[in-house]
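Here the structure is laid out as structure tokens; the discussion comes afterwards.
The values are calculated or read from the model by the stated rules, or taken from the named source; none is laboratory data. Keep in mind that this is a model prediction, so the values were computed, not measured. Don't worry about glycine lacking a Cβ; one is built from the backbone with ideal geometry, like all the others, and counts go over all protein chains shown.
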Amino acid sequence: MSESSTPTTAPAAVPRIRQVVLDTTDARRLAEFYRQFFGLEYRRGDEAPAPGEPDPNGADWLVLRQPGEDFGLAFQQVDALPRSTWPDPEVPQQLHLDTTVPDAAALDVQHERALALGATLLLDRTDDPDEPLCVYADPDGHPFCVFVG
């Protein structure tokens, strides 16, 4: 049976992707990077504590959501995490996020924001006429792309 003739499964009968989980050696720091960059909100109970207060969730597991939506990003504390060496294949990226902006001017703005928040530029293809993009590493080294699209 070809892929196009495969019976369609009713949406309620298949798993839904709830969130993408990123391992990190500092869950609060990485969650804050993505919260600020993507304008996300903490799941109730995962908000940062007052300065000087203990942060048990930040030492274990945090979840961010897009306001009004169910899907999000989660951060799981681990003891050690080898930093991706992409584009060198020694330590592969294993997962990356693809994000879009509407035009080149927005890409320039997000480039500055990403760097100011602690991202590292890995690849600059802003001059590509077919697919302008930048690839960054977040503070823990997880690659993510910002495309014009």
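Here are the numbers for the structure shown:
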{"item": "Residue among Ala114, Ala80 that is of a type outside the set (D, E, K, R), part of a helix (DSSP H, G or I) and either touching a residue at least 60 places away in the same chain (Cβ under 8 Å) or closer than 29 Å to Asn57 by Cα (or both)", "result": "Ala114"}
{"item": "Residues being in contact with a Phe, Trp or Tyr (Cβ under 9 Å, 6 or more places away or on another chain) and either part of a loop (DSSP other than H, G, I, E, B) or surrounded by fewer than 13 Cβ atoms within 10 Å (Cβ to Cβ) (or both) - total across segment 50-71", "result": "1"}
{"item": "Scan of segment 83-106 for residues that are farther than 18 Å from Thr25 by Cβ and free of Cβ contacts under 8 Å to residues at least 40 places away in the same chain, ordered by number", "result": "Pro87, Asp88, Pro89, Glu90, Pro92, Ala105"}
{"item": "Check on Asp79, acidic (Asp, Glu) and within 14 Å of Leu22 (Cα to Cα)", "result": "yes"}
{"item": "Residue list for segment 27-42, restricted to those being farther than 17 Å from Phe144 by Cα and either hydroxyl-bearing (Ser, Thr, Tyr) or modelled with pLDDT under 95 (or both)", "result": "Tyr42"}
{"item": "Whichever residue in segment 117-141 is assigned to a loop (DSSP other than H, G, I, E, B) and of a type in the set (A, V, I, L, M, F, W, C) and, among such residues, is nearest to Gly39 (Cα to Cα)", "result": "Leu117"}
{"item": "Members of segment 117-133 found to be free of Cβ contacts under 8 Å to residues at least 12 places away in the same chain and among the acidic types (Asp, Glu), listed by number", "result": "Asp124, Asp127, Asp128, Asp130"}
{"item": "Qualifying position, being without any contact (Cβ under 8 Å) to a residue 24 or more places away in the chain and surrounded by 15 or more Cβ atoms within 10 Å (Cβ to Cβ), among Glu32, Glu47, Glu41", "result": "Glu32"}
